[in-house]
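One structure is given below, encoded as structure tokens.
The values are calculated or read from the model by the stated rules, or taken from the named source; none is laboratory data. Everything quoted here is computed from the prediction, not taken from an experiment. Don't worry about glycine lacking a Cβ; one is built from the backbone with ideal geometry, like all the others, and counts go over all protein chains shown.
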Amino acid sequence: MVHDGLMTLDHTRPTTFADYVASQIRAEMGRLRLDVPSLTEALAAGLPKPLKAGAVRARFRGEHPFSLNEVQVIAPWLGVPLSTLLGGYDVATEVAS
């Protein structure tokens, strides 16, 4: 989505569980005013095989899903329990779609 020459993310309605998790990560990062380079560093420190910056950006934008191992690193970095990032998704909504 482009508005006035700037790209904006339209993630108001996550349609899959992966979209939901990515939106929760973006929301927590926004509340803490954290940026994608910081996320990249956190994942590099916590994963056995670090992701390239482009791969992290793609996950942040919802183009590729975060793995469970990545989410397990991200939750404590954000200072939230895994349930904050993974809980609250209504599976019935996805199945009905």
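Listed by first and then second residue, the pairs with beta-carbon distance under 9 Å, at least 6 apart or on different chains, first residue in the range 29-52 and polar (S, T, N, Q), second assigned to a helix (DSSP H, G or I), are S38/M29; S38/W77; T40/A53; T40/A55; T40/V56; T40/R57. Counting residues in the range 38-49 that are at pLDDT 95 or above and over 17 Å from S67 (Cβ atoms) gives one or more.
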